[in-house]
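Contents: one structure, followed by commentary.
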Amino acid sequence: MLIKQLSVFMENRQGRLEEVSEVLSKNDVNITSFSLADTSEYGLLRMIVDNPMRGRNVLKEAGFSAMLSDVIAVKLPHEVGALNKIMKVLEKENIEYIYVLATGEHPSLIIKADNLESTIKNLKENHFSLFGEEAYTINNK
Amino acid sequence: MEQSNTEGKKKMIWNETKECMSRDEMSNLQGVRLKKMVKNVYHSVEFYRKKMQEIGLEPGDIASIEDITKLPFTTKDDLRDTYPFGLFAVPDSEVVRVHASSGTTGKATVVGYTRRDIENWSECVARVLAMAGVRKSDKIQVSYGYGLFTGGLGLHYGAENLGATVIPMSSGNTKKQITMMEDFGCAAIACTPSYLLHLTEALEDSGAIERIKLRAAVLGAEPWTDQMREDIEKRLGIHAHDIYGLSEIMGPGVAADCEYHKGLHFYADHFIPEVLNPETLKPCKEGETGELVITPITKEALPLFRYRTKDLTSIAYEPCECGRTLPRISRFTGRTDDMLIIRGVNIFPSQVEAALLDVSETSPHYLLIVDRVGNLDTLEVWVEVEERFFSDEIRKLEDLTKKITQILQQALGIAPKVKLVEPRSIERSEGKAKRVIDKRKLF
């Protein structure tokens, strides 16, 4: 149950985020969720979009370094302690990054770990449910 | 402290015979030495023998200084192609030292010296130091790098030859440099002009500037301007002199300027200078700018024919007010190639390109940005993050930055600041990428 995340390399200068979002919007790619990781010199925009392949291609055509990578989208119960519970389960995994997947009903997390298969197995054994490709369009009306 | 340290100290001419001989006498001496050198090279260096045979030139064809134009040129590429010792004219048993500088690609340019070569080099440097007013009783701080670079050991041996006390500081460690300068009462320093400016700032900040006894500075290994010299002289209350040289010819001490600063006196008894139009390779008129081409006529280990320095200058033969009759070359106005001098280290953009091949099979687009911040040169290398380098993890991008930094540091000898930039963000002109932006105003 892996889904594709679209990542873009962006220099830390004015207007870059605007340009990325414009390329996606003009090409009718909907951003479901995103996170922006920043360093002093550059940023990494990670996105879940409704059409990852098209997103990558149009960004590349526009001259960006864009790539697709596998991540896990996991659903969380809407209750106190839910994040703590999943963190306990993932305690021994090497997590590269986590961010929130914006969904209407359930809070969900996007997770990138060193060993995605073992992370998935671990989550399933602990009764977490994962999103499949429906995550791409979860907010599309 | 307006020049107060420099009054009443008469500067001597170290070798009056050689530095003040008439132009005719100099031409005769050069002719004799050139003739002897060509004959010797023909018999001991296969590379030149073949070159001479190709153009039908025999040692006997070189009889006087005018015949120098018959000789073939030598380039840095020739030294690379014969790496490491292919152009040496003496057996290994005669070579007492080697130095090396950066080549245009991965390989260094290696140069060698016999005992006599080191003596001649020390003689030339002693002339420069005497011209700068350094005397036997003085202490001189040598703050050029010691090692394969010719700066440190070149000045060291020259200062010892003069009889001064050498403080072999080498480069870096500004705090210690200042302590020694103050505690030992150093009268002179030899280093790069940008480093002396850096030291000056530190001396001003610490207040030590009021206590030091510095009178003279011999500065070189990188281009600088008269404004920089005046700034240094005023702030430190000293006389600053420009020293020129390149390892292929010898090292520092090929030429230097006197207190009148009307060009650098060229030690023409050891090195024949020519200034040629870099396109036609025909001699430029006196005062006209062209490429400096040098033939070292006394070098035993590495005698070169008409070495193309790629440095742009002009030459004047009129005797100087200081009494010296040596030809004088003007401050350099640039180079005919893309070599950069950063913190005294020669760097070619092609070296960066070659080093980046260690990161991946094809070199990514890159740009060198050279600047001077607080008197110290900075080198920033921008590398485009193409898809093959890209990762969705910051850690991997940081590892990439570190790896590129390490590889470049090893190849260049100085640590650059590596910055990852977006693909196609480095400007291309006519399909070819612009490789260097030099923000320093040195020429």
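Out of the residues in the stretch B:398-411 that are under 22 Å from the mean Cα position of the chain (by Cα) and surrounded by 14 or more Cβ atoms within 10 Å (Cβ to Cβ), which is nearest to the other protein chains (Cβ to nearest Cβ)?
Restricting to residues being under 22 Å from the mean Cα position of the chain (by Cα) and surrounded by 14 or more Cβ atoms within 10 Å (Cβ to Cβ), the top hit is B:Leu408.
Restricting to the stretch B:60-80, name every residue that is surrounded by fewer than 17 Cβ atoms within 10 Å (Cβ to Cβ) and in a helix (DSSP H, G or I).
Scanning the stretch B:60-80 gives B:Gly60, B:Asp61, B:Glu66, B:Asp67, B:Thr69, B:Lys70, B:Asp77.
Can you tell me which residue within the stretch A:55-89, out of those that are of a type in the set (Lys, Arg) and closer than 26 Å to B:Ser425 by Cβ, is surrounded by the most Cβ atoms within 10 Å (Cβ to Cβ)? Outline the logic, then answer.
Within the stretch A:55-89, the first condition is being of a type in the set (Lys, Arg), and the residues that meet it are A:56, A:60, A:75, A:85, A:88.
The next check asks that each one be closer than 26 Å to B:Ser425 by Cβ; those that pass are A:56, A:60.
On the way: A:Arg56: 21, A:Lys60: 16.
Looking at residues that are of a type in the set (Lys, Arg) and closer than 26 Å to B:Ser425 by Cβ, I get A:Arg56.
Quick one: B:Glu201 ticks every box in (1) crowded, with 22+ Cβ neighbours inside 10 Å; (2) at pLDDT below 95; (3) farther than 25 Å from B:Asp311 by Cα except a single one, so which number is it?
B:Glu201 satisfies all of (1) crowded, with 22+ Cβ neighbours inside 10 Å; (2) at pLDDT below 95; (3) farther than 25 Å from B:Asp311 by Cα except (1).
Looking at this structure, is A:Leu109 more than 22 Å from B:Glu384 (Cα to Cα) and not charged (D, E, K, R)?
Working: more than 22 Å from B:Glu384 (Cα to Cα): yes; not charged (D, E, K, R): yes.
So A:Leu109 fits the description; yes.
With A:Lys92, A:Lys121 as the choices, which residue is modelled with pLDDT of 90 or more and either within 14 Å of chain B (Cβ to nearest Cβ) or exposed (fewer than 15 other Cβ atoms within 10 Å of the Cβ) (or both)? Let's see the steps before the verdict.
Working: A:Lys92 fails: modelled with pLDDT of 90 or more.
Every option except A:Lys121 fails the conditions.
Residues that are over 27 Å from B:Asn15 (Cβ atoms) and hydrophobic (A, V, I, L, M, F, W, C): does the stretch B:160-168 have at least one?
No, there is no match, as no residue in the stretch B:160-168 is over 27 Å from B:Asn15 (Cβ atoms) and hydrophobic (A, V, I, L, M, F, W, C).
Taking A:Leu24, is it more than 14 Å from chain B (Cβ to nearest Cβ), aliphatic (A, V, I, L, M), over 14 Å from the mean Cα position of the chain (by Cα) and crowded, with 21+ Cβ neighbours inside 10 Å?
yes
Which residue pairs have Cβ atoms under 9 Å apart, sit 6 or more places apart or on different chains, and have a first residue in the stretch B:241-252 that is touching a residue at least 40 places away in the same chain (Cβ under 8 Å) and in the same structural domain as B:Thr225 (by TED's automatic domain parsing) and a second that is of a type in the set (Asp, Glu) and not in a strand (DSSP E or B)?
From residues that are touching a residue at least 40 places away in the same chain (Cβ under 8 Å) and in the same structural domain as B:Thr225 (by TED's automatic domain parsing), the pairs are B:His241/B:Glu259; B:Met250/B:Asp117.
Every residue, every condition in (1) without any contact (Cβ under 8 Å) to a residue 24 or more places away in the chain; (2) touching a Lys or Arg at 6+ places or on another chain (Cβ under 7 Å); (3) outside the structural domain of B:Ser350 (by TED's automatic domain parsing), yes or no:
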site: B:His365; (1), (2), (3): no, no, no
site: B:Gly374; (1), (2), (3): no, no, no
site: B:Val383; (1), (2), (3): no, no, no
site: B:Lys396; (1), (2), (3): yes, no, no
site: B:Asp399; (1), (2), (3): yes, no, no
site: B:Thr405; (1), (2), (3): yes, no, no
site: B:Ile414; (1), (2), (3): no, yes, no
site: B:Val418; (1), (2), (3): no, no, no
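Filter the helices (runs of 4 or more DSSP H) completely within the stretch B:84-200 down to those with at least 2 residues that are touching a residue at least 60 places away in the same chain (Cβ under 8 Å). First the steps, then the outcome.
Numbers: elements: B:115-131, B:150-162, B:174-184.
Of the helices (runs of 4 or more DSSP H) lying wholly inside the stretch B:84-200, those with at least 2 residues that are touching a residue at least 60 places away in the same chain (Cβ under 8 Å) span B:115-131, B:150-162.
Select from the stretch B:251-275 the residues that are over 13 Å from the mean Cα position of the chain (by Cα) and among the small types (Gly, Ala, Ser) and list them in ascending order.
If the condition is that a residue be over 13 Å from the mean Cα position of the chain (by Cα) and among the small types (Gly, Ala, Ser), then B:Gly263, B:Ala268 are the ones that fit.
Just give me the residues in the stretch B:106-144 being under 30 Å from B:Leu357 (Cα atoms) and either surrounded by fewer than 22 Cβ atoms within 10 Å (Cβ to Cβ) or not assigned by TED's automatic domain parsing to the domain that holds B:Met180 (or both), in sequence order.
B:Gly106, B:Lys107, B:Ala108, B:Thr109
Please enumerate the residues belonging to the stretch A:27-51 that are hydrophobic (A, V, I, L, M, F, W, C) and either at the interface with another protein chain (Cβ under 9 Å from one of its Cβ atoms) or out of contact with any strand residue (DSSP E or B) (no Cβ under 9 Å at 6 or more places or on another chain) (or both).
A:Ala37, A:Leu44
Among what's in the stretch B:204-220 and is among the small types (Gly, Ala, Ser) and more than 24 Å from the chain's Cα centre (by Cα), pick the residue that is surrounded by the fewest Cβ atoms within 10 Å (Cβ to Cβ).
B:Gly207
For the list (1) under 24 Å from B:Asp377 (Cα atoms); (2) more than 14 Å from the chain's Cα centre (by Cα); (3) part of a loop (DSSP other than H, G, I, E, B), I need the number of the one condition that B:Pro223 fails.
B:Pro223 satisfies every listed condition except (2).
Checking A:Ala113 against (1) farther than 26 Å from A:Gly15 by Cα; (2) touching a Lys or Arg at 6+ places or on another chain (Cβ under 7 Å); (3) within 14 Å of chain B (Cβ to nearest Cβ), which test does it fail?
Single failed check for A:Ala113: (2).
Give the number of residues within the stretch B:120-170 that are among the hydrophobic types (A, V, I, L, M, F, W, C) and at pLDDT below 95.
Qualifying residue count, the stretch B:120-170: 2.
Just give me the residues in the stretch B:417-443 being within 14 Å of chain A (Cβ to nearest Cβ), surrounded by 13 or more Cβ atoms within 10 Å (Cβ to Cβ), under 29 Å from B:Gly374 (Cβ atoms) and not aliphatic (A, V, I, L, M), in sequence order.
Kept after step one, since they are within 14 Å of chain A (Cβ to nearest Cβ), are these residues of the stretch B:417-443: B:417-428.
Checking the rest, the ones that are also surrounded by 13 or more Cβ atoms within 10 Å (Cβ to Cβ) come to B:417-426.
Applying the additional criterion that residues be under 29 Å from B:Gly374 (Cβ atoms) yields B:417-421, B:425-426.
Those that are within 14 Å of chain A (Cβ to nearest Cβ), surrounded by 13 or more Cβ atoms within 10 Å (Cβ to Cβ), under 29 Å from B:Gly374 (Cβ atoms) and not aliphatic (A, V, I, L, M): B:Lys417, B:Lys419, B:Ser425.
The values are calculated or read from the model by the stated rules, or taken from the named source; none is laboratory data. Here the structure is a predicted model, which means the values were calculated and not measured. Methodologically, a virtual Cβ is constructed for each residue, glycine included, from the backbone with ideal geometry; neighbour enumeration extends over all protein chains shown.
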